[in-house]
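Visitor: If you scroll down you'll find the structure; I have some questions about it.
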């Protein structure tokens, strides 16, 4: 998988929003954080993998909370996919 950097990153009121534009086989490889974050798919589709679990997300999928200190990865399944990660900054 090709690891992405956020296309746009915005912070407002201590909340950071990272917006990713991805094509097939691009995303965020296996990693973990000290903080939890919300993931939302706005266009195309992604697969979110955690230990023992996988979830395919589209624009119609409810946002998912990825728990702190648990590995996860996010991979685009379609060209033109847009997904967003939202988290609180400066509290960890």
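The values are calculated or read from the model by the stated rules, or taken from the named source; none is laboratory data. Quantities reported herein were computed from a predicted structural model and do not represent experimental measurements. Here Cβ is always computed from backbone atoms with ideal geometry, including for glycine, and neighbour counts include all displayed protein chains.
Visitor: Give just the number: which of (1) surrounded by 11 or more Cβ atoms within 10 Å (Cβ to Cβ); (2) outside any strand (DSSP E or B); (3) over 13 Å from the mean Cα position of the chain (by Cα) does residue 11 not satisfy?
Guide: It is condition (2) that residue 11 fails.
Visitor: Which condition from (1) closer than 24 Å to residue 89 by Cα; (2) touching a residue at least 40 places away in the same chain (Cβ under 8 Å); (3) surrounded by 11 or more Cβ atoms within 10 Å (Cβ to Cβ) is the one that residue 31 breaks?
Guide: Answer for residue 31: the failing condition is (3).
Visitor: Of all residues being modelled with pLDDT under 95 and on the phi > 0 side of the Ramachandran plot in segment 48-92, which is surrounded by the most Cβ atoms within 10 Å (Cβ to Cβ)? Just the residue, please.
Guide: The selected residue is 69.
Visitor: Follow-up question, since we're still on this one. Could you grab me the full set of residues in segment 30-45 that are in a strand (DSSP E or B) and either closer than 16 Å to residue 80 by Cβ or within 10 Å of the chain's Cα centre (by Cα) (or both)?
Guide: 37, 38, 39, 40, 41, 42, 43
Visitor: Which of the numbered conditions does residue 48 fail, given that it passes all the others? Conditions: (1) outside any loop (DSSP other than H, G, I, E, B); (2) in contact (Cβ under 8 Å) with a residue 40 or more places away in the chain; (3) within 16 Å of residue 1 (Cα to Cα).
Guide: In the conditions (1) outside any loop (DSSP other than H, G, I, E, B); (2) in contact (Cβ under 8 Å) with a residue 40 or more places away in the chain; (3) within 16 Å of residue 1 (Cα to Cα), residue 48 misses (2) alone.
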